[in-house]
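Inspection log for the structure reproduced underneath, given as structure tokens.
The values are calculated or read from the model by the stated rules, or taken from the named source; none is laboratory data. A quick note: this is a predicted structure, and the numbers were derived from the prediction, not measured. Note that each Cβ is placed from the backbone with ideal geometry, even for glycine, and that neighbours are counted across all protein chains shown.
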């Protein structure tokens, strides 16, 4: 436990508790709401949504499928039926629009578990990164998962994937799936800060790739007002993504967080007492009249410098 | 030149070491998952796949574990495997002794499958082959003991086709007939109604996965009477009967054709 006031205290003082937890609450409502929709069928007999995150049918018409699972199935050399293809393309288009890793922050049920682990980590006063893992490990894992599917001809990852195991388990029965979920919880609690979502999860890596082109981004348009409290870094599940946008003004880097790892969770917006951050388009500029160069040509350069400063 | 490159080389070395560490970590994880996946490839003898399921390795690549078949099964037959079950986590199966397949004519589970892991080409439930009933324990089957249980025969949706009762003289009583249930693979869909309704505490008739239940002759095996039927005539007779030469010692005193050990009884 640190002697310093709790993270977010300034924001609560400035914006009130609700104002300082707006996006967090919205996110929880979204996560639990989606889960509730899936559970209404089996628990209350109200069949609005059938299936699980791998594939679901809403009101008998809307097909939604997880493009990551469908990609594995394709690599396992199965040509799927139309329903799942339409579903996967729909979901892919949606996340291209709202930011791929919005899946991680707003939909994935495991996010609640890893957020809880992170909360516990702070409560226990565990500081620092813990076991050093590269945030790029997940891209390697993604590669390995796809190769495994191709080599084995089966959805090998789906036999151990804690994300689908948790969501499917809550709807169809967990069984020993709790052990896997508990393993992820303790990994994040004791071993590595933001270990699973921030370093290992190949689904996150996949949606991160989708993230590269999405127009909806968090920006630090009010960065001129930043008072260096560093609380955004403390709450961010992917802290390496903030620095270029927040501190890059002198280097000519735009205020938009373009790093593909950003989950659009909005915690930085909540926790900032100076309202530095906001959701906006990927082409957003600074709030101040003097617009910095951010548009497409600069976007690539930003990515570049992000990875350099991030490592 | 060499001294100039020194600092760069340090950073590069660290980068390479980090990359190698990360790559090896991912590869290790992949090996573990691959090993686990390999083990989970075979299905246990008690678990049956829904109608229309692709053959096992293909099914595991096609099924995305969404559970739509489970949802649309009106009888609660199907379940998704949990991690502790012996087959691939999240895949659908049923245990005949618990809830057998009721063989719906419109096959809702197959229609619900969004991927085709349950083959949409299956439109006639009688053509489904979920497994094959095998009377595994003749010693405890009541009909084999000479009684008229007949339950498996009576509940079979393909009565008199998939299961028939073959008559045989009861040697024990010497005065009665035994009605022996015989399964015919040609008609058995593997629905499991027989296994479910067997009156014994442990079912004497069990539906096994096809791979387990069936034998297979070598491809070169030809059954003479079937070949004859196909050709419409005997394939052997017109070539003349094959007469193998009799093996007898050509000269007295040579090695005998019959081993000495057998000579006493046989000759």
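Across the range B:54-65, the number of residues qualifying as surrounded by 21 or more Cβ atoms within 10 Å (Cβ to Cβ) and either facing another protein chain (nearest Cβ under 7 Å) or farther than 23 Å from residue A:49 by Cβ (or both) comes to 6.
The residues in the range A:148-163 that are assigned to a helix (DSSP H, G or I) and more than 7 Å from chain B (Cβ to nearest Cβ) can be counted, and the count is 5. Considered as a group, the residues in the range A:119-137 that are buried (at least 17 other Cβ atoms within 10 Å of the Cβ) and touching a strand residue (DSSP E or B) at 6+ places or on another chain (Cβ under 9 Å) include one that is nearest to residue A:238 (Cα to Cα), and that residue is A:133.
Has the range B:134-142 got any residue that is surrounded by 17 or more Cβ atoms within 10 Å (Cβ to Cβ), modelled with pLDDT of 95 or more and at positive phi? So far as the range B:134-142 goes, no, none of its residues is surrounded by 17 or more Cβ atoms within 10 Å (Cβ to Cβ), modelled with pLDDT of 95 or more and at positive phi. Taking (1) in the same structural domain as residue A:280 (by TED's automatic domain parsing); (2) over 26 Å from residue A:95 (Cβ atoms) in turn, residue A:262 satisfies each apart from (2). Listed conditions (1) in a helix (DSSP H, G or I); (2) more than 14 Å from chain B (Cβ to nearest Cβ) are all met by residue A:138, apart from (2). For the residues A:110, A:124, the requirement of being in the same structural domain as residue A:179 (by TED's automatic domain parsing) and modelled with pLDDT under 95 singles out A:124. So, in the range B:28-42, how many residues would count as being at pLDDT 75 or above and either facing chain A (nearest Cβ under 7 Å) or within 13 Å of residue A:159 (Cβ to Cβ) (or both)? So the answer is 9.
Of the residues making up the range A:65-77, those that are surrounded by fewer than 20 Cβ atoms within 10 Å (Cβ to Cβ) and over 20 Å from the mean Cα position of the chain (by Cα) are A:74, A:75, A:77. Within the range A:167-190, residues that are touching a residue at least 40 places away in the same chain (Cβ under 8 Å) and within 10 Å of chain B (Cβ to nearest Cβ) sit with their Cβ atoms under 7 Å from residues that are surrounded by fewer than 19 Cβ atoms within 10 Å (Cβ to Cβ) and assigned to a helix (DSSP H, G or I), at 6+ positions apart or across chains, in these pairs: A:171/A:39; A:171/A:42. Looking across the range B:117-133, the residues that are assigned to a loop (DSSP other than H, G, I, E, B) and surrounded by fewer than 21 Cβ atoms within 10 Å (Cβ to Cβ) come down to B:119, B:120, B:121, B:122, B:123, B:124, B:129. Restricting attention to the range A:81-114 and to residues that are without any contact (Cβ under 8 Å) to a residue 24 or more places away in the chain and surrounded by fewer than 22 Cβ atoms within 10 Å (Cβ to Cβ), the residue that is nearest to the other protein chains (Cβ to nearest Cβ) turns out to be A:81. Any residue at all in the range A:43-64 that is surrounded by fewer than 15 Cβ atoms within 10 Å (Cβ to Cβ) and within 9 Å of chain B (Cβ to nearest Cβ)? Looking through the range A:43-64, at least one residue is surrounded by fewer than 15 Cβ atoms within 10 Å (Cβ to Cβ) and within 9 Å of chain B (Cβ to nearest Cβ). What strands (runs of 3 or more DSSP E), lying completely within the range B:135-212, carry at least 3 residues that are in contact with a strand residue (DSSP E or B) (Cβ under 7 Å, 6 or more places away or on another chain) and more than 21 Å from residue B:53 (Cα to Cα)? Once the strands (runs of 3 or more DSSP E) in the range B:135-212 are filtered for at least 3 residues that are in contact with a strand residue (DSSP E or B) (Cβ under 7 Å, 6 or more places away or on another chain) and more than 21 Å from residue B:53 (Cα to Cα), what remains is B:163-170, B:176-183. Output the residues belonging to the range B:115-130 that are within 14 Å of chain A (Cβ to nearest Cβ) and within 15 Å of residue B:92 (Cα to Cα). Result: B:115, B:116, B:117, B:118, B:119.
Residue-wise test of (1) more than 9 Å from every other protein chain (Cβ to nearest Cβ); (2) surrounded by 24 or more Cβ atoms within 10 Å (Cβ to Cβ); (3) in contact with a helix residue (DSSP H, G or I) (Cβ under 9 Å, 6 or more places away or on another chain).
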| position | (1), (2), (3) |
| --- | --- |
| B:52 | yes, yes, yes |
| B:67 | no, yes, yes |
| B:73 | yes, no, yes |
| B:76 | yes, no, yes |
| B:88 | no, yes, yes |
